[in-house]
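Read the figures in this text as sums done on the coordinates, not as results from a lab. Since the model is a prediction, treat every value here as computed from it, not as a measurement. With ideal geometry, Cβ positions are generated from the backbone for all residues, glycine too; neighbour counts draw on all protein chains shown.
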Amino acid sequence: MEVERIVPLGIIVAMGAFLGWFIGRGSFAGAMVVFALGAVILNLYYEFLRRRGYILEDERTIRIEEISARRTLQVILIILAISMMYFSTKVRSDSSYKGLMAFSGLLLFALLIIHGALRIYYSRVM
C-alpha cells in the first residue's frame, strides 16, 4: 500500500482511539474537539497531496461517489420507513416504543426535506 493511503488511515485510527477515550470519560466537548481536529488535519493532508500533483479524484470516482451516495440514501430511507411502520405497530401494545417511532419518523421526514431541498438547489445551479 502506498504511503499516501496509509497516512489518512493512521489519522483515522488515531482519531478513533482518542474519540473512544474521550467518550469513555464522558467528555462530549473533548470528542468534538478530536473530531474537528481530525477533519482539519485530513483536509490539510489532502490539500498537501493536491499541491504535490496527486490526483485524488477524477470524473469516474466522482460519479461512483454520486451513485453510491444516492443508493445509500435510498436504503436508509427504506430502513427508516420500515422501522417506523414496525414501531407504529409495537406502540399499540407497548407505549415504550413511542419515542423510537417518533425519532424514526422525524429522521425520515428530515432526510426527505433535506434531499428535496438539495435537489431543488442543484437543479437551479447546474
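log10 I(q)/I(0), Debye, Cα-only region 59-125, no solvent, q = 0.20, 0.27 Å⁻¹?
-0.83, -1.10
Compute the Cα gyration tensor for the chain, then decide on rounded, prolate or oblate, letting a ≥ b ≥ c be the square roots of its eigenvalues: rounded whenever a/c is under 1.5, prolate when a/b is larger than b/c in the other cases, and oblate in all that remain.
oblate
So how far apart, in nm, are the two label points at Y86 and R63 if each is 7 Å from Cα heading toward Cβ?
3.6
Report, in degrees rounded to the nearest 10, the 0 to 90 angle that the Cα long axis of helix 59-90 makes with the longest principal axis of the chain.
Once rounded, the angle reads 20 degrees.
Give me the one-decimal nm value for the distance between modelled label points at L111 and I55, 7 Å along each residue's Cα-to-Cβ direction.
Each label point is offset 7 Å from its Cα along the Cβ direction, giving 3.4 nm.
For S93 and I11 in one chain, what is 0.36 nm times their gap in residues minus the Cα-Cα distance, to one decimal in nm?
Gain on extension, S93 to I11, equals 24.8 nm.
Return the calculated 222 nm mean residue ellipticity for the chain, to the nearest 500 deg cm²/dmol, obtained by summing -39500 (n - 2.57) across DSSP H runs with n ≥ 4 and dividing by the residue count.
-30000 deg cm²/dmol
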